[in-house]
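Here is the structure we will look at.
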Amino acid sequence: MQIKPRSYPYPVLSHFGDDLVKSQFQPVVEVEGMKNVYAFKARFKTNNADLLSLVAKKSAQYAVHVECAQTRYRNVFKSFNDRFEFEIPSGMLDGRVEVCSFILASKRLPKYKNANFHSDYASLAFSVGSGDTLAVGLDREFTAEKKEDPLRKIPSIFSIVPHDETDAPGLDVDLQNDKVVVRLSKPNFDAYAVLKADQTLHTLLSAAIVVPALVYVLDEIRLAEGATDQFSDYRWFAVVARKLREVGIDPSNPDSFADSSLRIAHTLLGQPLNDCLQNQLKSQEEDGE
């Protein structure tokens, strides 16, 4: 859930409105990925005396809403303390996770007033229901990665399948799935299906199929405006983005791609061409003995 600028039926302290003046609401939510859980630390700060008074009287409380579209996880964590911690099992989160912070009414407030209401509302009182928003902070998000997810390894994010069309190109790539789908023409796929049974040919197949597919992926990330938003729902992007950051490249900033996509692809895959050529040379030498 992302909190977008909106109008409430009563004044709310927010970064996108002036319902309350000379008032600030500054929540900070930190998250740390551990072996089995994501640990959250929430800290809240406001200089609005009336909101602080409502919390002190337990008529209002601080809250953090966590939502993950990939797993459909959604929950609200509340406390009357301006600092609190909570944990979410790592299996409940995967991919983009949205985090929103609030001050919520914890009971019905039939005549809610605030000394810092904008002059338009200064003489008014409002009916606020239990659970309604009194203050809202800036959204934040992070990417949750499954610690034991096999897709964390670059080669495993590719799915190689036959192309259905009779006039299909030799190799085509589709990014609109959790895995990068590499479609081979029927003759190429039939040959691939036979060759992959030979363990010694895996580096050759990687150099011939995975490298050009990854080059295409990297080119698309470079060209996309806001790649993090455009591809973030796909699990393959989380894996590629993590590997890019490990080599000092920001996937959301095309200017950080100092090298060519071809060179970066070979780096991410551990220079498969080197092993490919050495294996073929060794095989040829053994055949000549």
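Tabulated data
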| quantity | calculated |
| --- | --- |
| Residues that are within 9 Å of the chain's Cα centre (by Cα) and over 13 Å from GLN176 (Cα atoms), drawn from region 229-249 | ASP229, ALA238 |
| Flag for ASP178 being modelled with pLDDT under 95, crowded, with 16+ Cβ neighbours inside 10 Å, in a loop (DSSP other than H, G, I, E, B) and out of contact with any Cys (no Cβ under 8 Å at 6 or more places or on another chain) | yes |
| Any hit, region 33-54, residues being at pLDDT below 90, open to solvent by 20 Å² or more (accessible area, probe 1.4 Å), on the phi < 0 side of the Ramachandran plot and in contact with a strand residue (DSSP E or B) (Cβ under 6 Å, 6 or more places away or on another chain) | yes |
| Selection status of SER127, more than 24 Å from LYS45 (Cα to Cα) and modelled with pLDDT under 90 | no |
| Residue check, ALA144 more than 23 Å from VAL240 (Cα to Cα) and either open to solvent by less than 80 Å² (accessible area, probe 1.4 Å) or in contact with a helix residue (DSSP H, G or I) (Cβ under 7 Å, 6 or more places away or on another chain) (or both) | no |
| Leading residue by the ranking (farthest from THR143 (Cα to Cα)) among those in region 230-251 that are open to solvent by 60 Å² or more (accessible area, probe 1.4 Å), assigned to a loop (DSSP other than H, G, I, E, B) and in contact (Cβ under 8 Å) with a residue 12 or more places away in the chain | VAL247 |
| Subset of region 159-174 (residues that are touching a residue at least 40 places away in the same chain (Cβ under 8 Å) and in contact with a helix residue (DSSP H, G or I) (Cβ under 6 Å, 6 or more places away or on another chain)) | VAL173 |
| Residue within region 92-102 that is in a strand (DSSP E or B), open to solvent by less than 40 Å² (accessible area, probe 1.4 Å) and farther than 27 Å from PHE231 by Cα present | yes |
| Residue in region 65-88 that is surrounded by the most Cβ atoms within 10 Å (Cβ to Cβ), counting only those that are part of a strand (DSSP E or B) and charged (D, E, K, R) | GLU67 |
| First in region 26-38 and part of a loop (DSSP other than H, G, I, E, B), second anywhere and surrounded by fewer than 14 Cβ atoms within 10 Å (Cβ to Cβ) and charged (D, E, K, R), Cβ under 7 Å, 6 or more apart | GLN26/LYS45; LYS35/LYS147 |
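Yes/no matrix, rows are residues, columns are (1) within 19 Å of GLU141 (Cα to Cα); (2) not aliphatic (A, V, I, L, M):
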{"residue": "PHE16", "(1), (2)": "yes, yes"}
{"residue": "TYR38", "(1), (2)": "yes, yes"}
{"residue": "LYS45", "(1), (2)": "no, yes"}
{"residue": "VAL76", "(1), (2)": "yes, no"}
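Residues are listed down the side, and each one gets a yes or a no for (1) at pLDDT below 90; (2) under 30 Å from ASP233 (Cβ atoms):
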| position | (1), (2) |
| --- | --- |
| LYS113 | no, no |
| PHE117 | no, no |
| THR133 | no, yes |
| ALA144 | yes, yes |
| ARG152 | yes, yes |
| GLU165 | yes, yes |
| LYS186 | no, no |
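The values are calculated or read from the model by the stated rules, or taken from the named source; none is laboratory data. The structure displayed is predicted, hence computed values, not measured ones. Cβ: placed from backbone, ideal geometry, glycine included. Neighbour counts: every protein chain shown. Keep in mind that these areas ignore ligands, DNA and RNA; they rest on the heavy atoms of the full protein, side chains included. Shrake-Rupley method; radii C 1.70, N 1.55, O 1.52, S 1.80 Å.
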